[in-house]
Structures are given as structure tokens and as C-alpha cells.
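Have a look at the structure below, then the notes.
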């Protein structure tokens with residue numbers, strides 16, 4: 001597959017890195033020649049310097065033979081025009097664009113007769129939903145949804161005092177006979193462990209498990225002492241993400257928003273129904289103390305400035321906030337501070353990456369989540385066809401030839417969430433949720449869900 005990536009920033013670079021591992025033909029276009037040189041030094045890709053939306057530049061990039069164009073420059077407008085040119089001049093089949101401004105999305109302009117973009121990726125919306133799921137699940141480090149929310153994959157740290165800590169995984173069913181769940185991966189330090197029945201969970205392990213959404217809280221209580229539900233939320237930053245968080249949380253939680261710009265704070269206060277909006281600096285110690293930061297269950301630092309988010313989150317934690325979440329764009333910062341005083345680091349580029357990869361995957365892959373800053377992937381794929389043309393349908397799970405470093409966590413069949421026990425037979429239209437630690441095996445996973453009928457048609 002020939003793919004043109006427009007924009008060599010963090011998202012574009014991560015996309016190129018992921019796709020080259022999967023043997024795709026990649027060309028990256030950017031105006032920054034130094035950035036392109038760095039990419040070429042690291043990756044086996046082609047690079048073109050120039051304006052991403054210009055027809056001649058796209059032609060040089062191989063647009064006449066391209067199967068897909070992914071526009072992730074820093075400009076919504078450049079991304080939109082590039083997709084228009086790709087459609088009109090080069091007839092590229094699939095066009096994906098990162099669009100940050102909700103104003104464009106809300107107007108309904110993205111259609112072939114107007115602005116031909118096949119897939120729109122809105123990082124702010126993705127991040128907002130990710131944080132809301134964390135707020136709704138105290139103790140979780142990452143929460144991913146599959147099959148329209150019927151199943152969730154949750155990452156959390158196991159602590160001393162959890163009933164299952166220092167015990168083999170096989171005892172999980174004894175502890176919870178009425179709840180079906182499966183641990184799909186354990187990270188001990190930076191090393192992934194594919195779990196088996198005799199695997200022992202240790203304190204400080206990062207454990208990823210899957211279960212029906214209704215059972216998540218019960219399973220979490222096995223890994224650590226149950227945390228009280230979140231009630232009080234403080235949000236630092238009243239921009240797009242802060243506004244979305246406040247709107248999504250204000251009906252269920254007590255919400256306060258701290259916004260430095262007085263005009264933005266005023267506008268936000270008029271938009272929100274229940275949340276309290278304060279004009280001030282979220283890194284001001286006296287302001288946080290006045291607003292009883294020590295009683296806050298969650299402090300979310302989501303301003304547009306990494307340094308502000310880091311400092312305000314660390315300050316909030318030191319003053320007694322139970323859990324702090326910080327939005328950090330710079331991956332180097334994220335790698336340095338996660339696991340320290342800041343409980344959860346959200347990198348919007350990483351969140352965007354997973355959403356884009358979903359639309360690149362072959363073989364009826366419908367969802368792709370990146371875990372632990374890209375260390376592994378969770379994939380949802382649909383089994384299509386029948387036992388004659390499918391590599392999975394009609395087979396027991398133990399009979400499926402899974403690539404190394406891959407395991408099946410769960411199957412969603414209609415409205416039922418089934419854990420992936422060895423004797424379960426895969427049926428047509430089952431949604432399989434797979435956990436992949438070895439990224440180079442992604443293409444092998446995709447091939448499992450390519451049925452012969454489609455390949456021959």
C-alpha cells in the first residue's frame with residue numbers, strides 16, 4: 001500500500017514509524033527540511049519538501065499511484081485543501097484529515113461535492129472522551145471502549161492490599177465467580193508479559209484487563225483497594241478540551257474550571273449550566289488552596305501550554321488532589337514525568353495516532369487503540385465470511401494460528417460479551433478484541449481477518 005503523509009510532526013512521524021514496520025510504501029511531505037532529514041535518518045521512507053496542498057508537490061510525492069493520503073499538518077485549512085486536490089486531481093481513494101476546529105465539522109461540509117474528506121480525526125474530541133472515561137473510572141490509567149461501548153479494556157496499577165496481588169491469575173475466577181474477565185497483558189517496568197493461568201501479579205504491575213462495561217469496577221477492586229467514586233473535579237484551562245470536559249462532566253460531578261483569560265472565562269460561564277468558572281492562574285498556590293484543592297478528587301490540567309500543565313498538576317498533587325491528569329504534547333516531557341507526581345499523562349498525538357491507524361488497517365479491523373504510549377496495540381476486528389473462506393470462523397480459539405505476542409481478550413457476539421476461553425468457537429460477525437505486543441506482527445493479525453471471498457472478488 002502506498003501512503004502519503006502530509007506533515008512530519010509528532011503524529012506524522014509516529015504514523016510513518018508504525019507503518020514502515022508493517023512494510024507500507026511511505027512518503028512524508030513537510031516544509032521543514034531538517035525535520036525530513038531526521039525522519040530519513042531513522043526510517044526507510046521517501047520525503048518531499050514543500051507545501052503539502054500544492055498539486056506539484058503531491059505529484060512529486062507519488063499521488064498518481066497513492067492508495068491513501070493522510071493530512072496531519074498543523075493547519076486545518078492546508079489539510080482540507082490537500083484532500084480536495086487529492087480527490088479532484090489525483091483521484092486518491094481514501095483521504096484522512098486531522099481537523100481541530102469543531103466549527104468546520106459542525107457545518108457538514110465534508111462530503112465529495114463540497115470538501116471530500118473520507119475520515120475526520122479531531123484530537124480534542126478524542127482526548128476529551130479519554131479523560132471523561134478516566135474520571136468515571138477511579139484508579140484507571142487508561143480506558144478503551146470496543147463494540148460500541150459494550151466491552152472495555154482498562155489499564156491500572158496493582159497495589160499492595162489488592163485481593164489478587166501476589167496470587168496466580170487462575171484464582172481470579174474464584175474471587176469473582178459471577179464476573180467473567182480476562183487479563184490480556186501485564187507490564188512489569190517496561191517489559192510486557194503475556195499472561196497465563198500461573199502468572200503472578202505483583203505490586204506496581206501495570207495490568208490490562210477486559211470485561212463487559214458493567215463489570216469493570218468489580219474487577220478493578222481485585223487489583224487494588226476500591227477507590228471512592230469521584231465527586232469534585234477541577235479543570236485547568238477553558239479551551240476546547242476544558243470546555244468539552246466541563247460540559248461532559250457537569251451533570252454528574254461538581255466541576256470548577258480555572259481559566260486565565262477573563263474574556264474566555266466569561267464566555268465559558270455563559271455556556272455552562274452547572275459548573276463554576278474562575279478567572280485566574282491554575283498554577284497559583286493561593287488560588288488552588290482557596291478552592292479547596294485538597295478536597296478535589298481529580299485535577300485536569302488541559303491548557304495549551306505543556307509547562308503550565310506540568311507545574312499546575314504537580315502543585316495540585318502536592319496540595320492534596322487525589323488524582324492529577326496532565327495534557328502534554330511534548331513526548332520527551334511525557335516520558336520523563338509519567339509515573340511520578342503526575343498520575344496520568346495524556347498525549348494528544350498518541351491518541352490521534354490510534355484513531356488514524358483504525359482507518360488504515362486491513363482485514364475488517366474497526367478499532368485500533370494505542371497502549372502505553374505506543375508500546376502495544378488493542379485491535380477490534382470483525383469475523384466475516386464462513387468456515388470455508390475465513391481463518392477464524394468455525395475454529396476454537398485454541399486452534400487459531402495467532403502471531404507471537406498476540407492474544408484474544410474477548411468476543412462480543414450481539415449484546416453478549418464473552419471472554420476468550422480456549423474452547424469458544426468463533427461465529428460469523430463476532431467482534432474479536434486482540435492485544436498485540438509485537439508491533440511487527442500487526443499485518444499478520446490483519447491477514448487473519450481477510451477472507452478468501454473478498455480477496456478473489
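In the range 217-309, counting only helices (runs of 4 or more DSSP H) that sit wholly within it, the ones holding 3 or more residues that are under 23 Å from the mean Cα position of the chain (by Cα) span 240-249.
Residues that are crowded, with 18+ Cβ neighbours inside 10 Å and either not assigned by TED's automatic domain parsing to the domain that holds residue 62 or not in a helix (DSSP H, G or I) (or both) within the range 19-43 comprise 22, 24, 26, 27, 28, 29, 30, listed in sequence order.
Evaluated against (1) modelled with pLDDT of 90 or more; (2) out of contact with any helix residue (DSSP H, G or I) (no Cβ under 7 Å at 6 or more places or on another chain); (3) on the phi < 0 side of the Ramachandran plot, residue 91 falls short on exactly one condition, (3). Checking each residue in the range 332-352 for being under 16 Å from the mean Cα position of the chain (by Cα), farther than 20 Å from residue 152 by Cβ and either in a loop (DSSP other than H, G, I, E, B) or at pLDDT 75 or above (or both) picks out 345, 347, 348, 349, 352. Condition check: in contact with a helix residue (DSSP H, G or I) (Cβ under 7 Å, 6 or more places away or on another chain) and free of Cβ contacts under 8 Å to residues at least 40 places away in the same chain. Does residue 346 satisfy that? In short, no. On the stretch given as the range 166-188, residues that are more than 19 Å from residue 416 (Cα to Cα) and touching a helix residue (DSSP H, G or I) at 6+ places or on another chain (Cβ under 7 Å) total 2.
Looking at the range 365-383, can you tell me whether even one residue there is in a loop (DSSP other than H, G, I, E, B) and at pLDDT 85 or above?
So far as the range 365-383 goes, yes, one or more of its residues are in a loop (DSSP other than H, G, I, E, B) and at pLDDT 85 or above.
Residues that are more than 14 Å from residue 6 (Cα to Cα) and either outside the structural domain of residue 14 (by TED's automatic domain parsing) or within 20 Å of the chain's Cα centre (by Cα) (or both) are absent from the range 64-83.
Here is a list: 109, 186, 135. Which entry is surrounded by fewer than 18 Cβ atoms within 10 Å (Cβ to Cβ) and outside the structural domain of residue 405 (by TED's automatic domain parsing)?
Only one candidate passes the filter, namely 109.
Take the residues in the range 60-83 that are surrounded by fewer than 15 Cβ atoms within 10 Å (Cβ to Cβ) and in contact with a strand residue (DSSP E or B) (Cβ under 6 Å, 6 or more places away or on another chain); name whichever of them is farthest from residue 352 (Cα to Cα).
Per the stated criteria, the residue is 65.
Looking at this structure, is residue 57 out of contact with any helix residue (DSSP H, G or I) (no Cβ under 6 Å at 6 or more places or on another chain), surrounded by 19 or more Cβ atoms within 10 Å (Cβ to Cβ) and on the phi < 0 side of the Ramachandran plot? Yes; evaluated as a whole, the condition is true for this residue.
Filtering the range 168-183 to residues that are buried (at least 17 other Cβ atoms within 10 Å of the Cβ) and in a helix (DSSP H, G or I) leaves 169, 172.
For the range 136-156, a residue qualifies if it is under 19 Å from residue 377 (Cβ atoms) and in a loop (DSSP other than H, G, I, E, B), and exactly one does: 147.
The values are calculated or read from the model by the stated rules, or taken from the named source; none is laboratory data. Just so we're clear, the structure is a prediction, and the values are computed from it rather than from any experiment. Positions of Cβ are backbone-derived with ideal geometry, glycine not excepted, and every protein chain shown enters the neighbour counts.
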